[in-house]
Structures are given as C-alpha cells and as structure tokens.
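Structure first, commentary second.
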Amino acid sequence: ARPTSFYEQMGGADTMKALVEAFYPKVVEHPLLAPLFPENILPVMKKQEMFLTQYFGGPQLYTMQMGHPRMRARHLPFAITPKRAEAWIGCMQQAMEEVIEDEMLRQQMMERLAMTAFFFVNTDEGEV
Ligand code: HEM
C-alpha cells in the first residue's frame, strides 16, 4: 500500500488553501520578505497552493499548469539570503501552527520545507 502523503494527512485541498492564506499575510508584513513580492500577491498564492500540493504528495497541479517546477532557478532573480530563508521558514511555521493541529506532522513538514528553503539561498551578500 502507498504511504499516506503529508498532503492527505494535513487534510487535503481545503487545509492547503487555508495554509497558503495564513502564510502570505505574514510574508507581506515581514520587513525582509515584503520588498521582494509584487503588490498583487494573489497570483503568487495560487501558484504556491498548486506547488505545495504536489510538493507534499498531492495532485501534480503546478506541473500541469506551469511545466517543470525548476523552483530554485525560478528564485534566482531574487536575492535569497540565509536571513530571508529563516524569515520565510518563520512565517511558514506560524502559519502551520494556525492551520495544522498535529504537531508531529507540522514538524515533519517544516523539516522538509526548511531544507528546501536553505537550498534556495543564492547569495550571502548585503545586510539581508
Ligand atoms: C515565488 C521568495 C522559498 C515556492 C517566489 C517569489 C519570491 C519568492 C520573491 C516571486 C514572486 C513573484 O511572482 O514576483 C522566496 C524566498 C524564499 C522562498 C525569499 C526563502 C527561502 C520558497 C520555498 C518554496 C517556494 C521554500 C516552496 C517549497 C515558491 C513558488 C513560487 C515562488 C511556488 C511561485 C513560482 C512561480 O512564479 O511559478 N518566492 N521564496 N518559495 N516561491 Fe518562493
């Protein structure tokens, strides 16, 4: 039998939507992250919802609509410093605490996301 995905364990599409909706208001309020994002955050939210769905083992929504994710490359135009990765992880941790009750599940999902976030780091230059 196929192991149950994080996506299924967290509660599927509704919970994923709630997670993304909890996350981006924190991102756009964060002093290190806000300057990177466009004023209209809705398209970013939609794409993130599709991406995290497949990243956590749900339907391949992002790939179906956008093609190969090549997510590190998509982040290269932005200065992703270690501090910004930490900020991103912090916002996601808070969002998960609001939306996902199971602490063990949260920890496992955060561990995976944190590795990915640090993998996206592409500069250590500047104060941020
Ligand atoms: C897009 C920042 C980590 C998934 C973006 C954009 C920025 C950004 C500035 C572009 C917004 C725009 O469209 O103008 C960051 C920073 C991170 C980070 C500072 C810290 C490490 C992550 C992680 C994931 C992720 C860990 C997923 C595991 C996405 C997705 C998009 C995106 C799916 C949309 C890509 C698209 O346009 O198709 N991010 N990101 N990001 N990010 Fe991140």
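Laboratory data are not the source of any read-out in this text; all were calculated from the coordinates shown. Model, not experiment: these values are computed from the prediction. For neighbour counting, all protein chains shown are included, and Cβ atoms are generated from backbone atoms with ideal geometry for every residue, glycine included.
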Alpha-carbon Rg with Dmax, taken over segment 59-103, Å: 14.1, 35
Area projected by the alpha carbon convex hull of the chain, averaged over all directions, nm²: 8.0 nm²
Tilt relative to the chain, helix 82-99 - C-alpha long axis, 0 to 90 degrees, to 10: 30 degrees
The chain - mean residue ellipticity at 222 nm from DSSP helices (-39,500 (n - 2.57) per run, n ≥ 4, rounded to 500): -19000 deg cm²/dmol
Dipole of the chain [Lys/Arg +1, Asp/Glu -1 at C-beta], most positive-end residue of Gln54, Met64, Val20: Met64
Degrees, to the nearest 10: 103-119 long Cα axis against longest axis of the chain: 40 degrees
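Please report, in debye to the nearest 20, how large the charge dipole of the chain is about its Cα centre when each Lys and Arg carries +1 at its beta carbon and each Asp and Glu carries -1 there.
Values: 12 positive and 16 negative charges, 123 e Å.
Its charge dipole is roughly 580 debye.
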Length-normalised contact order of the chain in % [C-alpha pairs under 8 Å, at least 6 apart]: 32 percent
Tilt relative to the chain, helix 13-27 - C-alpha long axis, 0 to 90 degrees, to 10: 20 degrees
